[in-house]
Amino acid sequence: MTTGVRRRLGVEERRQQLIGVALELFSRRSPDEVSIDEIASAAGISRPLVYHYFPGKLSLYEAALQRAADELAARFVEPHEGPLGARLHRVMGRYFDFVDEHGPGFSALMRGGPAVGSSTTNALVDSVRQAAYVQILSHLGVTDPPARLELVVRSWISLAESTALIWLDGRRIPREELESQLVHDFAALASVSAAYDEEMGGLLRRIFKEEPADGPFADLAGRLLTLAT
């Protein structure tokens, strides 16, 4: 008969465990409502031991947000295969998976939560937006974007954030519809910009040329034609 021996975690292992526990709690409730006592209890350690690894709740909160930001940024990574509309649709599916799984944590990341206005939180949010921006440009095959294209992509990323935050407040619109709508929104923003700029027009024609007749961009065109008749 053997007796189980509880292995003592190393410093980094314990830090990562506490971050994981905090993220799990933040996925169900706002970080404002989660106490250090609850985090300690869920991790199976004492409250003073939490402070041994993190100076305070804010530092643990920021470490948890860092992991969440890294995971959210990774949702925008997509193989360069197939038409752009389908790629964006898959990205939005993974994006809303994260939002669905980590609702309060996502809100805290984007709105700041208890660290609102802190330089660390602002930098984390900016890093997610920049990662998304770089990924979208890579799918467009553009390394030096003109001003109008930068405006379109950054506006679309902000729209995706706002849409997700509003959806979390009651989930009154089916998420599948919002995922498709956001892909349509990208095409709409790019189309309006193309109407004012020939360079954007050329980019949009190249994108549309690669889109299938049953793709999301063609679906948007059909819906708009229906409205016009």
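The values are calculated or read from the model by the stated rules, or taken from the named source; none is laboratory data. Here the structure is a predicted model, which means the values were calculated and not measured. Every residue, glycine as well, gets a Cβ built from its backbone with ideal geometry; the counts of neighbours run over all protein chains shown. Quick note on the areas: whole protein, heavy atoms, side chains included, nothing else; ligands and nucleic acids left out. Shrake-Rupley method; radii C 1.70, N 1.55, O 1.52, S 1.80 Å.
A few comments on the model shown:
- Criterion applied to Asp97, Asp126 was being among the acidic types (Asp, Glu), open to solvent by 40 Å² or more (accessible area, probe 1.4 Å) and modelled with pLDDT under 95, and the one residue passing it is Asp126.
- Test: Asp97 is in the same structural domain as Phe186 (by TED's automatic domain parsing) and acidic (Asp, Glu): yes
A quick yes/no check of all residues on (1) outside the structural domain of His102 (by TED's automatic domain parsing); (2) among the charged types (D, E, K, R); (3) open to solvent by 100 Å² or more (accessible area, probe 1.4 Å):
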| site | (1), (2), (3) |
| --- | --- |
| Arg171 | no, yes, yes |
| Leu178 | no, no, no |
| Ser193 | no, no, no |
| Asp197 | no, yes, no |
| Arg205 | no, yes, yes |
| Pro212 | no, no, no |
| Asp219 | no, yes, no |
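- Residue in segment 156-171 that is more than 21 Å from Arg206 (Cβ to Cβ) and among the basic types (Lys, Arg) present: yes
- So Ser59, is it polar (S, T, N, Q), in a helix (DSSP H, G or I), open to solvent by 10 Å² or more (accessible area, probe 1.4 Å) and outside the structural domain of Ile136 (by TED's automatic domain parsing): yes
- Segments classed as helices (runs of 4 or more DSSP H), wholly inside segment 151-229, with at least 2 members that are of a type outside the set (S, T, N, Q) and within 17 Å of Gly93 (Cα to Cα): 175-194, 216-228
- The residue that is farthest from Phe217 (Cα to Cα), counting only those in segment 148-169 that are open to solvent by less than 20 Å² (accessible area, probe 1.4 Å) and aliphatic (A, V, I, L, M), is Ala164.
- Taking every residue in segment 123-148 that is free of Cβ contacts under 8 Å to residues at least 60 places away in the same chain and within 19 Å of Asp197 (Cβ to Cβ) and pairing it with any residue that is open to solvent by less than 50 Å² (accessible area, probe 1.4 Å) and in a loop (DSSP other than H, G, I, E, B), at least 6 positions away or on another chain, the pairs with Cβ-Cβ distances below 7 Å are Leu137/Pro145; Arg148/Asp197.
- Note on segment 180-191: residues that are open to solvent by 20 Å² or more (accessible area, probe 1.4 Å) and not small (Gly, Ala, Ser) amount to 4.
- Some residue of segment 62-83 being touching a Leu at 6+ places or on another chain (Cβ under 9 Å), part of a loop (DSSP other than H, G, I, E, B) and either among the charged types (D, E, K, R) or within 23 Å of Ser162 (Cα to Cα) (or both): yes
- Tally of residues being farther than 13 Å from Gln181 by Cβ and either of a type in the set (Gly, Ala, Ser) or at pLDDT below 95 (or both) across segment 82-92: 2
- Annotation: Phe76 fulfils all but one of (1) open to solvent by less than 30 Å² (accessible area, probe 1.4 Å); (2) modelled with pLDDT under 90; the unmet one is (2).
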